[in-house]
1. Per residue of the range B:86-97, in order, report the coupling 6.51 cos²θ - 1.76 cosθ + 1.60 (Karplus, θ = phi - 60°) as ³J(HN,Hα) in whole Hz, putting x for Gly and Pro.
2. Quote to one decimal, in nm, the extra length available between A:R224 and A:R44 on full extension: 0.36 nm per residue of separation minus the C-alpha distance between them.
3. Across all directions of projection, what mean area in square nanometres is found for the Cα convex hull of the range B:64-117?
4. Taking 41 Å as R0, compute the FRET efficiency from the Cβ-Cβ separation of A:A212 and B:R53 and round it to 0.05.
5. Per residue of the range B:191-205, in order, report the coupling 6.51 cos²θ - 1.76 cosθ + 1.60 (Karplus, θ = phi - 60°) as ³J(HN,Hα) in whole Hz, putting x for Gly and Pro.
6. Work out how much length B:A38 to B:K88 would gain on full extension: take 0.36 nm times their residue separation and subtract the Cα-Cα distance, in nm to one decimal.
7. How large is ³J(HN,Hα) for each residue in the range A:50-66, as worked out from phi by the Karplus curve 6.51 cos²θ - 1.76 cosθ + 1.60 (θ = phi - 60°), to whole Hz, x for Gly and Pro?
8. According to a simple spin-label model (label point 7 Å from Cα along Cα-to-Cβ), what is the distance in nm between B:E204 and A:A244?
Amino acid sequence: MASRQPPPAPAGEGDREGEGARSAGRPHVVDQLSAYLEGDLGARAAEVVREHLEDCAGCQRAALELRAMVAGARDLERPEPPPTLWPAIEGAMARAETEILPFWRSFFVRGFAVGGLAGATLVLVVGIGIGVGRRGGLSFLSSLSSLAPQAGEHAEGGAVVSPTAALDPLLEEAEGELQAAASAYERSIEKLRGLLEREEPRWSPDARARCAERLARLDEAIARSRDAARRTPGDSAGSEILFAAYRSKIDYLAAVVERGGPAITGEGTP
Amino acid sequence: MAVKNPNPAMLAVNVIDRSLGLGHAEGASADDQALIEAIRRGDPGSREALYHRYKRRVFALAVRIVGAMDAEEVSQEAFIRIFRGLPKFRGDSALGTWIYRLSVNAALSHRARRPPLTGATGEPEIPLESSARESPPTGDAVLRARLERALWKLPVGYRTAIVLHDIEGLEHEEVAAILGCHVGTSKSQLHKARGKLREILSQEGITAAELEGR
């Protein structure tokens, strides 16, 4: 049983002598009061406290203080967090998600990029093989140049049909393979775009803006490369640049989806 | 005046602040569950909605465990833990209880890493202040501030017990789940903490009459 002393009575309030006489021989119950008031004491212990409180003014006062204190604690207000808290959390989450990725997600994103590039490369090699092997000197460049639309012959997804190809079945075959390469690039880009659209809502407006700006520059690079290839049919450099532009866009999309947002620095121009 | 029986009003302390579903340990409420699912799907704005639902509880807890100066940092850490942990949250306890647990852990971890600066009395140099109080303090506000300062003089374990049970209004079962202890330990800790706090208030001359006259 606790015997801590109860608080002294304020001047003029308590009968210290009488109080002592009434509680003589029985230890004070200050340490039991909280459990008593909560109903946590067993029946016997609660009865002892109750009987003590009937006679001990000091412990009665302690009980009143305790009760008032708990009521006061209950009424304490919850302070309002500063308005900067949510932006700080959002920013920290964006940074954390950029740094930490589940392995499957990384694998998934890389799969699209690598698969697309591999597919495009494969058909490109086949196309080159057909062009070089069966035409004996037909340059890869001239084949690629046929990808450039002539006289408004755009096909869906950027694929084009060359009038030359219509005249030469071998060239047409090579061109078909090269268009397939371009289509493989486009499909990879579309898949990565789909992933990007799912990720973007979680990003900050600034991150979304940076990503959009970067993609716009990559699209401009692809458009310029396509125009260059059209202007120089027979020059392989144009086609190489076009496919390099596709690969740049795929690399960027894969990286940004994998990171969960665009990098703040270190992104060069396409 | 004798205290014949436990005060019903005091026993009712435990049912404070139940309107948002914090008092049910049988799992997350329907609203919370919907919010959890939205966050798991990555719905725009769902994280922010959860933040606004729990921000004051998390921040208040942080303020009272680590102090006003570090509370924002601790709250940020707590919410990051919450958002990272939500995919693994199984709903065995109420979302609020789980959030309290992560918040208390974040606060105690922070405190272990960076113990508060203390003055000669052991009181933090920057004690808890009521945030952004614009009007002059009234008698009630002064008394609240004295109570907050007295809380700061408690050891952190005692203070946490009082914050969770008496201020936040959680049940002992919830407090035990949050602190990772037995219910009996939670009760014992709370009763000791209250006794100590009452002593501190008494030493500072704060009487029951003053507390009741808030």
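1. 4, x, 9, 5, 8, x, 5, 10, 4, 4, x, 5
2. Details: separation 180, 0.36 × 180 = 64.80 nm, distance 9.16 nm.
Value of the extension gain: 55.6 nm.
3. Values: hull surface 15.1 nm².
So the mean shadow area of the Cα hull is 3.8 nm².
4. Details: r = 31 Å, r/R0 = 0.77.
The value I calculate is 0.85.
5. For the range B:191-205, the Karplus-derived couplings read 5, 5, 4, 5, x, 5, 5, 4, 4, 4, 4, 5, 5, 8, x Hz, x marking Gly and Pro.
6. Numbers: separation 50, 0.36 × 50 = 18.00 nm, distance 1.42 nm.
Length gained, B:A38 through B:K88: 16.6 nm.
7. My calculation for the range A:50-66 gives 4, 5, 5, 5, 5, 10, 10, 5, x, 6, 4, 5, 4, 5, 5, 4, 4 Hz in order.
8. Using points 7 Å along Cα→Cβ, the separation is 7.2 nm.
Read the figures in this text as sums done on the coordinates, not as results from a lab. None of the values given here were measured: they were computed from a predicted structure. Here Cβ is always computed from backbone atoms with ideal geometry, including for glycine, and neighbour counts include all displayed protein chains.
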